Amino acid sequence: MTMEQTQTLPQIRAALMDRAKVLRELSDQAFRIENQIKSIASSLLDLEKDRIEGGKPRIDAPKLPSNIIPFPGPMTKTQPVKGKGQQALPFLVPIPGEPEKQLPETIPDFRPLLQRDGLILLSWDKRVGELGERYTAYWVTSTGPCRYYASKAMDRRSFAAAMPDHKSYAAEDGIEFYGQANPCYVVHVAPELMMSNPAHLEQRSEHIKKLRDLGTKANFEYEFLLKNRKKKMTSAKRGA
């Protein structure tokens with residue numbers, strides 16, 4: 001009998017988790033190298049333009065916003081996309097917002113307000129469009145199969161009451177971009193839960209323990225199902 005055949009399920013799971021961790025670290029390293037290459041290439045391009053123009057002052061063409069946001073990779077000092085009349089933000093994007101971290105002073109802290117029974121808050125983002133500032137929250141279920149949900153885009157005054165409105169079809173990262181304006185910023189509350197992987201059972205338990213240690217009163221054993229919530233809302237409207 002080989003060593004592999006004598007391993008128990010927990011040992012196999014631990015080995016797989018270790019390998020997944022190594023792969024994530026390699027992915028992070030590759031991401032950092034890619035950013036360095038882009039930075040060097042940009043510097044070389046600027047030098048070449050200066051040489052061609054004979055060192056004369058020139059007006060830089062406006063940089064077009066990119067649809068690619070480093071998410072949920074390592075935090076980098078990238079500039080967020082600007083909305084109308086908006087200034088570049090002087091902090092890391094995406095913003096690290098794990099429960100024990102302090103947010104930048106200019107960022108409203110919605111973390112204690114957006115925790116819900118049966119759900120773990122993943123993140124929220126802010127966008128600026130024709131209707132002004134709008135915020136969207138993203139959750140994953142705290143028990144059972146991992147189901148990803150997103151709220152409606154809401155104004156700041158009503159955002160504290162946000163609830164899941166639809167499935168988040170960008171389940172791998174918890175954020176949806178397609179057909180929407182790019183976010184001004186994204187706050188990562190539970191980045192370890194934003195990507196589907198076999199270790200979610202353990203990761204959710206660890207995150208829930210952290211939240212409880214910080215005084216969160218949400219019922220994480222509750223099984224949240226969006227269809228059930230919508231049925232209750234429909235019944236409430238009919239009874240109104």
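Some observations on this one:
- Residue list for segment 125-164, filter: over 25 Å from His207 (Cβ atoms) and either open to solvent by less than 30 Å² (accessible area, probe 1.4 Å) or touching a residue at least 60 places away in the same chain (Cβ under 8 Å) (or both): Arg127, Gly132
- Matching residues in segment 94-124 - criterion: being part of a strand (DSSP E or B), open to solvent by less than 10 Å² (accessible area, probe 1.4 Å) and outside the structural domain of Tyr185 (by the TED database): Ile95
- Members of segment 188-237 found to be part of a helix (DSSP H, G or I) and among the basic types (Lys, Arg), listed by number: Arg204, Lys209, Lys210, Arg212, Lys227, Arg229, Lys230, Lys231, Lys232, Lys237
The values are calculated or read from the model by the stated rules, or taken from the named source; none is laboratory data. These numbers come from a predicted model, not from an experiment. Cβ sites come from the backbone with ideal geometry, for glycine too, and all protein chains shown count toward neighbours. Protein only, heavy atoms only, side chains kept; ligands, DNA and RNA dropped before computing areas. Shrake-Rupley method; radii C 1.70, N 1.55, O 1.52, S 1.80 Å.
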